[in-house]
Structure formats: C-alpha cells, structure tokens
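Just below is one structure, and these are the notes that go with it.
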Amino acid sequence: MRNIHFTIKRGTLTISALAILLASCGRQERLTELVNPFVGTGGHGHTFPGAIVPFGMIQPSPDTRLEGWDGCSAYHYSDDTVYGFSHTHLSGTGCEDYGDVLLMPVDASFAGSVQGRLNNGDYRSHFSHANEKATPGYYSVHLDRNNADVELTCDSRRAAHRYRYATSDGNGFIIDLQHRDKLLSGKISVQQAADGTHPTIVGHRVSAAWNPEQHLYFAIESDHPFATVQIVNDSTQAIIRFADGVKEATLWTAISGVDEEGAVKNLHCCEMKDFDAMRTAADSIWEANLSKIYVEGGSKEQRRCFYTALYHCMTSPYLWSDADGRYRGQDGQIHQVEGEHEVYTVFSLWDTYRALHPLLTIIYRQRTEDFIYTILKHYEQGGETTMWELAAHETHCMIGYHAAPVVLEAATAGLLDQWPDSLKFKLLEGLMVTSNLQEYGRAAYAQQGYLSSEVDNESVSKTLEYAYDDWCIAQFAAMIGTVEQDATFLNHIYDTYMRRSQSWKNLMDPDGYMHPRRNGGFMTPFEPTEINNNFTEGNSWQYSSYVPHDVYGWIEMQGGADAAARFLDSLFFGSAQLSGRDQADVTGLI
C-alpha cells in the first residue's frame, strides 16, 4: 500500500504529492510521539485513553465513570477515581455500552468480599493525571489507594496488564463481571494448567445495555501461579492472590464473541510476547499505520492535531472474528468466515459514511473490502444491511441506510472487482430490502416522495439522507449491470432509485431552505436556526445544502450560481446563535 504525502503551509493543509513510499521520507520524527490519546476524553468527546491497535478487537482502558452520557466511553478526564481496567470500550458514541471484564490490582489491605459480594467502592482508587500516561498502544497510571502502578498494552486480539505493587505480600487482582452494564449471566472459572503452574481463568459475560444481549467470553493467564482464588457472588466476581514475594505481575487477556474456546485460541493465536515486547510491537504497528499519510511543514502543534485525529480515525470498526475465523452473527448463531476475510463490528455509519469511510477506502483497501463483506453478512444473517451495528446486534441508531454509500465508495474504488456477480447482486438486494423497510418512515417516504412531519420525526433529515442513499443504490446498480440477461432488471432499479433520489426537491421552499412539511404544506411558523424534532442533530441551515449527489440541481433550484452563492454566504454572515431546544452535539453556526 502506497502512502500519501501532504505539506502544511501557512497553517493550512494542502496536498503536495501523492503515492510516495515511506522509505523516501527520510524523517526523524516518530509519528506516534505526535498522538495524544487524551484528546476527546474531556467535554463531550466520549473518547478513551487506553491501549489499542488499529481496528483491534480489544481495548484495555481505565474506567472512571459508570454511567451517564459523558460516561459512554467509561472514562472522563474530569474524574479522579478509577474503578479498574476493562477490555472493551466505545469511542465517540452517544450511548453507553461495553466496559466488559474489569480487572483491578489489590494488595493485602483489600479485605475481600462483604456478604459474598465485592463492592466497587472498596477497590476503586484515587489517581492524578500527573501520574498518568497514554501513547498509541500503551497506557499507565499510578493508583494512590495501594501505591501500585498499572500499565496496559495490546495487540489485535490480546491485552497485557503489568502491575507493580508497593509491598511484597498479599498482592493480587480482582475480576468483576458485575461492572457497568446489567449482567444477564456470567461465570468465572479456573482451568488448571497441565504443569500446575500457570492456570487459565476463563468465563463469560452476557450483559444488557445498548446491545440488549451482548455475549462476551474471556481468557486470562498470568506469569505467576495463583496462591488463592476466591470466587464470589454466583461466580461473577473473584479475588485472586499471588504467593508472598510477588511485587510485579503480568496478566494476558483475550476476548471473544463466540465462546471460551475462542477466547483461549485468541490468547494463544501467536507468540506470547512479554509486556515490553508487546508494547514495542504496538508502537511499531501504530507508526506504520500513521505513516500511511505523512505531513510536513506547519507547527508541531498542527502536526499533533493532525495525527491525533488520524489516530482516532483508526479506532473502529473493531475486529470481531476470532483467530480461528469464527464469529457470532446477526442471527445469534456462530458462523465461519470465508476465504481470507475478517468480520468487524461497531459500524457507526451515520457518523462515518461522509468522510471516514471514504478515507479508509483509500488507505485500507483490504480492510475496507472486509467491511463490505461484513455488511453483506449482516444482511444475510439479519435481513438488512448495516445501520449502527454493535457486537452482533443492530441498534437502528440514527438515520439513513448508509451502508449504500459505503458500498458504492468501495465499488467505485475497484475493491469489489474480483467479487462474483452473485455476491454483488446479493449486496444490491440487501440495500434495496433495507431501503424499503416499513419502519423509520421509509415506506411513506418512498410512496409520497418525502417524509412528512406527522408521519415520523426528523422528517427533513431522513428525506435528504434517504435521497442520497437512493442515489448510491442507483449508481451501484448501474456499476454491476454487466450481465446481459439482467440489464432490463438493473435499468429498472436504476430508474426507480434515481427518481427517488430527487425527493429532496419536495422539501425546498421558495426561499431555498429545506423546510419541514405537514399535511401537504410547509410548516409554519418556521425558523431555519431552530433545533427541533424535524432534524437530526441539526437545523434547516445545516441541512439546506445537503444534496451531495445533485449539487448542480440544487444550484438550479436556488435560482442559479449567483443565488446559490448568496444563499451559502448568508450562512456565514448570519448570527451564530441557535434557537429551539438545547442540544450539546450542536454547538452553533459559523
């Protein structure tokens, strides 16, 4: 894969050359040193600082917040208490989930369970950001409660914890499956090793949150044998102690969405490196991936901003299929990947179809093909293409059927050229079936040519985004129309969806605004700055130029190029104040 080269001049980012080889850069600056994983962990950023590798299955990270909108990633920079370190985390989402399989080091001062149950208030610890560090693939923090140091690193399917204790005796760690989401079922058990020295802790956790039935299995091994294992609270919590004299210990963990066997296989899928070797490997993986785009010039702070943003672009979707190729499907059944593909999860398509997936199509061609393979499997197993999928569950969050532009982007880039026609037709079928579901106002939209506000909420945004998705379906149908006997059928699909793609015109009022409609007419009163239930995290100003598939048609409807320019200029010259309801995700106008 060739890399992309940019030059920053006068504070702006401009393309200076394309497709240069990394070896020709001759630079000394390590890109991983420019990334700050703490960016986005404050305010309403909803990111986490823990150890990850690009698109990896596992995300070991500190958990400082158990619930709430600003606790969606389980970490917030304003907190000074950490409950422990769990292995799954969401970045940038507005709904709570994950935070699975919490580990926390303890020493002799931790007495254990009370009435057969661990209380997280007893093992949580104060910490200071001055004693916290995060770089790509690595995280560390000092725990004030027991004067212990914690380090985390990972590879694509495994995490490593290294604990350094202040004293020699009574040290160990707890496992808490009751942490965060509602626990539907869980179990911790210990499998003794053949040599009796290094047992494996295995278990499962089925929980309910955004995903109402999330299945997760885990395996944990230690570089020291266990002196005692106390399992409590119906086998959902455990206190594990090392023999006296152990001041430093490393734990390796792996997870699976399939079963305990899958977690064990993921744990042993490749050579078991020591902690420092795994950390070094993670840093090298990040260096290679960040180097897919190289920028020069500008200030160091500008380069930090760029590479931290690029780092976040390489967070999800997450790897979902196990090392043996098995994965849990949308139907709840266990499936096997075909060929060399991998299956992924966490597809936040309303957030990512506009810019992130087009970027990934350029710099991750094979991985993008696997994304499309995953979308196809979602349709085959769940009856619809991806909307907002989380751990083998379609959440139906946000709006649109935005698998369509992601598929079209990949097809336009030639990533599906080698796919058999049968799979391309199956993808097209899935996109059409999804576009014609009765839910979310789609049937009314298709029948009427727009979605009316009395039929469904967010009617303007849905109409505009459905129209764009319909255009993408039409273009994809045209691209795969190479089979002679299917030409008539594909032409009909193309014509149908191109006609649907013009639905945006039915919402534009004489002043050029995308205007909600009710009972056949435009709603009154109308204020384009108003945040209300007719728009998805936006208002008329922000949606009135959303016709990415028919820009020239939009210009014509505005009354020509000069009128369109005046309309766009007025967005920048108007007041920055919003009206209507308060919505934290919408911060104002320019």
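Only one of 368, 308 is within 26 Å of residue 538 (Cβ to Cβ), open to solvent by less than 40 Å² (accessible area, probe 1.4 Å) and either of a type in the set (S, T, N, Q) or over 13 Å from the mean Cα position of the chain (by Cα) (or both). Can you tell me which? Full working, then the answer.
Values: 368 fails: within 26 Å of residue 538 (Cβ to Cβ).
Only one candidate qualifies: 308.
Can you find, within the range 432-442, the residue that is surrounded by the most Cβ atoms within 10 Å (Cβ to Cβ) among those that are at pLDDT 95 or above and in a loop (DSSP other than H, G, I, E, B)?
437
Given the range 287-403, what strands (runs of 3 or more DSSP E) lie entirely inside it while holding 1 or more residues that are touching a helix residue (DSSP H, G or I) at 6+ places or on another chain (Cβ under 7 Å) and within 26 Å of residue 47 (Cα to Cα)?
Those strands (runs of 3 or more DSSP E) span 293-297.
Kindly check whether there is at least one residue in the range 385-404 that is among the acidic types (Asp, Glu) and closer than 16 Å to residue 476 by Cα. Break it down stepwise before answering.
The first filter runs over the range 385-404 and keeps only residues among the acidic types (Asp, Glu), leaving 389, 394.
Filter once more, keeping what is closer than 16 Å to residue 476 by Cα: none.
There is no residue in the range 385-404 that is among the acidic types (Asp, Glu) and closer than 16 Å to residue 476 by Cα.
Looking only at the range 249-280, how many residues end up being more than 21 Å from residue 105 (Cα to Cα), at pLDDT 95 or above and among the charged types (D, E, K, R)?
So the count comes out to 4.
Residue 585: open to solvent by less than 40 Å² (accessible area, probe 1.4 Å) and either within 36 Å of the chain's Cα centre (by Cα) or touching a residue at least 12 places away in the same chain (Cβ under 8 Å) (or both), yes or no?
The answer is no for residue 585.
Considering only residues that are open to solvent by 40 Å² or more (accessible area, probe 1.4 Å) and at pLDDT 95 or above, which ones fall in the range 284-298?
Within the range 284-298, 284, 285, 288 qualify.
Working carefully through the options 202, 246, find the one that is open to solvent by less than 10 Å² (accessible area, probe 1.4 Å), in contact with a Ser or Thr (Cβ under 8 Å, 6 or more places away or on another chain) and modelled with pLDDT of 95 or more.
Being open to solvent by less than 10 Å² (accessible area, probe 1.4 Å), in contact with a Ser or Thr (Cβ under 8 Å, 6 or more places away or on another chain) and modelled with pLDDT of 95 or more holds for just one of 202, 246, which is 202.
Can you pull out every residue in the range 414-431 that is within 23 Å of residue 397 (Cα to Cα) and buried (at least 19 other Cβ atoms within 10 Å of the Cβ)? Can you show your working first?
So the first thing to find is which residues in the range 414-431 are within 23 Å of residue 397 (Cα to Cα), and the list is 427-431.
Passing the criteria: 427, 428, 430, 431.
Name the residue that is nearest to residue 457 (Cα to Cα), counting only residues in the range 501-522 that are in contact with an Asp or Glu (Cβ under 6 Å, 6 or more places away or on another chain) and open to solvent by 40 Å² or more (accessible area, probe 1.4 Å).
Per the criteria, the residue is 518.
Which ranges mark the strands (runs of 3 or more DSSP E) fully within the range 157-275 that have 3 or more residues being touching a His at 6+ places or on another chain (Cβ under 7 Å) and touching a residue at least 24 places away in the same chain (Cβ under 8 Å)?
214-222, 248-256
Are any of the residues in the range 188-198 surrounded by 22 or more Cβ atoms within 10 Å (Cβ to Cβ) and under 25 Å from residue 248 (Cβ atoms)?
Residues of the range 188-198 surrounded by 22 or more Cβ atoms within 10 Å (Cβ to Cβ): 188.
Now restrict to residues that are under 25 Å from residue 248 (Cβ atoms): 188.
Yes, some residue in the range 188-198 is surrounded by 22 or more Cβ atoms within 10 Å (Cβ to Cβ) and under 25 Å from residue 248 (Cβ atoms).
Counting just the residues of the range 238-269 that are among the hydroxyl-bearing types (Ser, Thr, Tyr) and in contact with a Leu (Cβ under 8 Å, 6 or more places away or on another chain), which one comes out farthest from residue 101 (Cα to Cα)?
Per the criteria, the residue is 256.
Could you run through the range 443-499 and say how many residues are in a helix (DSSP H, G or I) and either of a type in the set (D, E, K, R) or open to solvent by 70 Å² or more (accessible area, probe 1.4 Å) (or both)?
17
The values are calculated or read from the model by the stated rules, or taken from the named source; none is laboratory data. Since the model is a prediction, treat every value here as computed from it, not as a measurement. Counting neighbours? That spans all protein chains shown, and the Cβs are built from the backbone with ideal geometry, glycine included. Heavy atoms of the whole protein, side chains included, go into the accessibility calculation; ligands, DNA and RNA do not. Shrake-Rupley method; radii C 1.70, N 1.55, O 1.52, S 1.80 Å.
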